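K.L.:
Dumping the structure here so I can ask a few things about it.
The values are calculated or read from the model by the stated rules, or taken from the named source; none is laboratory data. Keep in mind it's a predicted model, so treat the numbers as computed, not measured. As a convention, Cβ positions derive from the backbone with ideal geometry for all residues, glycine included, and neighbour counts pool all protein chains shown. Side chains are part of the model used for accessible areas, which takes the heavy atoms of the whole protein and leaves out ligands, DNA and RNA. Shrake-Rupley method; radii C 1.70, N 1.55, O 1.52, S 1.80 Å.
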Amino acid sequence: MLPKDVFNEYEKGVNYKASLGSRGMFEQDKINERFYAGDQWHGAKCGSDRPLVRHNVIRRIGDYKIAVVTASPVTAHYSAAGFPYTADMAKENDRRRQDMMAGPALTDGMDMFQGAVPDAAEISLVMDALNDYFRVTAERVKFDDLKHDALKSAYLTGTGILYTYWDPDIKTGLYADEGRTAPIDGDIACELLDVENVYFGDPARDDVESQPYIILAQRRSVEELRREAKRNGRPKEDIDAIKPDQIEYMAGDRADVNQSDDRNCTVLTRLWKEWDKEGKSYKVMAMRVVRGAVIRKPWDLQIRRYPLAKFSWDKRKGSIYGDTELTYLIPNQIAINRMVTASVWAVMVMGMPLMVVNNEVVPQPITNDPGQIIRVNGTAEDVASAVRYVTPPSFSPNYDNSVNSLISNTMTQAGANDAALGDMNPDNTSAIIALREAASVPMQTYQNAFYSFIEDVARIWAEFWMCLYGKRSLKMESGDQTWYFPFDGGRYRDLVLSVRVDVGASTLWSESQSIQTLDNLLAAQIITPEQYLERLPKGIIPDLNGLIKDMQKAREMAEQQAAMQAAEAQAVAEAQAAGQQAAAQAAPAGPGALLAQLPPELQAQFASLTPEQQQAVLQKAGISI
């Protein structure tokens, strides 16, 4: 394709976006961004002396909903279709992982998988490794920030798009051989794209993977693009054809500040799927162009899906671009601002009414200072009306109630009532939590769409790992330990991966409620003091780790001291038992023992005697009873 062909497709996408809504996507999104930021009197000709009050309910609603959707931590769980995963496999995987963690760092341990085709045990171990590596990659690319920005972009414009690409300049610190002479460079990177700068080939189809092509528009410096074109081996005429141009259709109100930027130009990256002759398989291709020049001719991305994940705030039938409730909250926001401003202005006029001064009667300037002496010239009638205040019109006491009612109804209809926002007296904490949970139930739709968005991101990352990583070790983190898992991406390229998002506990619980729950568990002796401290909200206790370590040391010392005391007590008890046994052996034998030593006939004679006679016999024999 020629650059003009790509720009024709680009103009087609621009015309479609400009036809959406009453103002078009570009203008409406700029208005939405201004209202969210608080610039809600933009372009209003209200005079410079009038206080223009802003009561930003739009931002309050948006921040609440974004916080609810992102409140629960999420992790990705990979599995391969056609391969079982049993409890025995999970135990065996834990054992093998422990062996790897205990051993030296693995840089070329690919020989641990010897089979020509991976078996179920190997696949289960690799899937477990990918689950951990997703968390490591998410931390490296700051995925939490990207998730929040994608949701905010969707709330402002209706659509949030996360773009994953291969950055060959990223240093991994890994080497391909034991001699550490062949460094491995390149890894995935992520960027949040504005929907205004992404153009889908078939906007009537709400599916990224079925698009015939996707165009990404960017503003880049001419110098940078010329270096890139030279690095890609473009001819001199193409490099010289890269020239600055004006900003056309970029996102954000502030992009229009400098329309005649003499350093940047618009560059388009076109993505499409190129099928083979039989139409059975395809590869994702890309090319980069500016007006009149090719920056990089078509190249194979070496992946099998578009590297874009899309999140729509509200889906609209027949359009891949989402919609947002913010657009339809703007009229309410304008009415609220006008009513609040009018209320403030009325109170100011009543407290500081307008003054009328007759300049023909009052020659001196009026400062309105207390005790000022005003000299007037004229008749008595003129003096009475020379200086007076204009009585303001009566102000209805129900006006403020109407303003508060409009604010409350707007936020309630948007799902951000007082219980959801926490604007209630904490008389009954359980009831407030129940009301807040009930208010957040309608947000489940947005949460489900958000989890689907994360699943798409996880699939895209796995596609890069399988197709572009090759043989390298994956960095793993378990607690305070860091180790490396041997990985061969090409070995698992043909696997059909499934992704499930695991959702953790919500972080919207208040700190006071969390502490109260922990107090109850500790009082009931369900948890230990250490477990109590480990689960306290962050920042409650300074140097919490040091405190836990001190408690562990104190417990270990107490256990050692108790063991020593128990050993001493056991030694004393054994000595006492031995002494008692020796004393018993040294004591004289009793009557029973002596009688048992007599012949049977004498024992029979002794038994035939009366008790008094038996006692007399024993006394004569010198045996005490």
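K.L.:
Hey, got a sec? Which GluC sites (Glu not before Pro) in region 519-580 land in a DSSP loop and have at most 15 other Cβ atoms within 10 Å?
P.N.:
Counting only loop positions with at most 15 other Cβ atoms within 10 Å, none of the GluC sites (Glu not before Pro) in region 519-580 qualifies.
K.L.:
With no solvent and one point per C-alpha, what does the Debye sum give as log10 I(q)/I(0) for region 1-49 at q = 0.15, 0.17, 0.22, 0.25 Å⁻¹?
P.N.:
-0.59, -0.67, -0.82, -0.90
K.L.:
If contacts are Cα pairs under 8 angstrom and at least 6 residues apart, what is the relative contact order of region 237-361 in percent?
P.N.:
Numbers: 123 pairs, mean separation 18.3, N = 125.
Reported as a whole number, the value is 15 percent.
K.L.:
Also: Can you list the trypsin sites (Lys or Arg not before Pro) in region 159-228 that are in a DSSP coil and have 11 or fewer other beta carbons within 10 angstrom?
P.N.:
Details: sites: K171, R180, R205, R219, R220, R226, R227; in loops: R180, R205.
Filter output for region 159-228: R180.
K.L.:
Ok, one more. In bins 10 Å wide, starting from 0, what share of all Cα pairs of region 112-183 does each bin hold, as a percent?
P.N.:
14, 26, 34, 18, 8, 1
K.L.:
Roughly how many whole Å is it from the C-alpha centroid of region 286-337 to that of region 224-248?
P.N.:
26 Å
K.L.:
While we're here: Want the number for L2 to Q364: 0.36 nm per residue separation, take away the alpha-carbon distance, what's left? Please report the intermediate quantities before stating the final value.
P.N.:
Working: separation 362, 0.36 × 362 = 130.32 nm, distance 7.89 nm.
Stretched out fully, the L2 to Q364 stretch lengthens by 122.4 nm.
K.L.:
Take the alpha-carbon centre of region 116-148, take the same for region 444-495, and report the distance between them in whole Å.
P.N.:
Centre-to-centre distance over Cα atoms comes out at 3 Å.
K.L.:
Sort C46, C265 by heavy-atom solvent-accessible area, probe 1.4 angstrom, most to least.
P.N.:
Details: C46 45, C265 0 Å².
Heavy-atom accessible area, descending, gives C46, C265.
K.L.:
How far apart, in nanometres, would the label points at Y282 and Q218 be if each is projected 7 angstrom from Cα along the Cα-to-Cβ direction?
P.N.:
2.3 nm
K.L.:
Moving to a separate point now. Roughly how many Å² of Y446 are accessible to a 1.4 Å probe, to the nearest 10?
P.N.:
30 Å²
K.L.:
Solvent-accessible area of S452, probe 1.4 Å, all protein chains present, reported in Å² to the nearest ten, please.
P.N.:
That residue has around 50 Å² of solvent-accessible surface.
K.L.:
Using a 1.4 angstrom probe on the protein heavy atoms only, line up E274, E237 by accessible area, largest first. Write down the numbers at each step before the final one.
P.N.:
Working: E274 75, E237 125 Å².
Final ranking, largest accessible area leading: E237, E274.
K.L.:
Would you mind telling me the share, in percent, of accessible area of region 10-49 contributed by carbon and sulfur at probe 1.4 angstrom? Walk me through the numbers on the way to the answer.
P.N.:
On the way: 1060 of 2190 Å².
For region 10-49, the apolar C and S fraction of the accessible surface comes to 48 percent.
K.L.:
Run the numbers for M348 and L192: contour at 0.36 nm per residue of separation, minus the present Cα-Cα distance, in nm.
P.N.:
Values: separation 156, 0.36 × 156 = 56.16 nm, distance 4.61 nm.
Computed gain between M348 and L192 is 51.5 nm.
K.L.:
Please arrange H42, H77 by accessible surface area, largest first, computed with a 1.4 Å probe and ligands excluded.
P.N.:
Working: H42 105, H77 45 Å².
Of H42, H77, the descending order of accessible area is H42, H77.
K.L.:
Express in Å², to the nearest 10, the accessible area of T324 obtained by rolling a 1.4 Å probe over the protein heavy atoms while all chains stay in place.
P.N.:
Taking all protein chains as shown, T324 has close to 0 Å².
K.L.:
Hey, any idea what Rg/Rh is for region 1-100, computing Rh the Kirkwood way over Cα pairs?
P.N.:
Numbers: Rg = 26.3 Å, Rh = 20.3 Å.
A ratio of 1.30.
K.L.:
Restricting things to alpha carbons, find the Rg to Rh ratio for region 202-311 using the Kirkwood radius for Rh. Intermediate results must be reported in sequence, preceding the final value.
P.N.:
Working: Rg = 16.1 Å, Rh = 15.7 Å.
We get a ratio of 1.03 for region 202-311.
K.L.:
So for region 143-194, what percent of the C-alpha to C-alpha distances run longer than 16 Å? Spell out each step's value before the answer.
P.N.:
Details: 732 of 1326 pairs.
The proportion of pairs with Cα distances above 16 Å equals 55 percent.
K.L.:
Can you figure out the FRET efficiency of Q576 with I526, using R₀ = 60 Å and their beta-carbon distance, to the nearest 0.05? Kindly include the intermediate steps, with their values, before the conclusion.
P.N.:
Details: r = 41 Å, r/R0 = 0.69.
Approximately 0.90, to the nearest 0.05.
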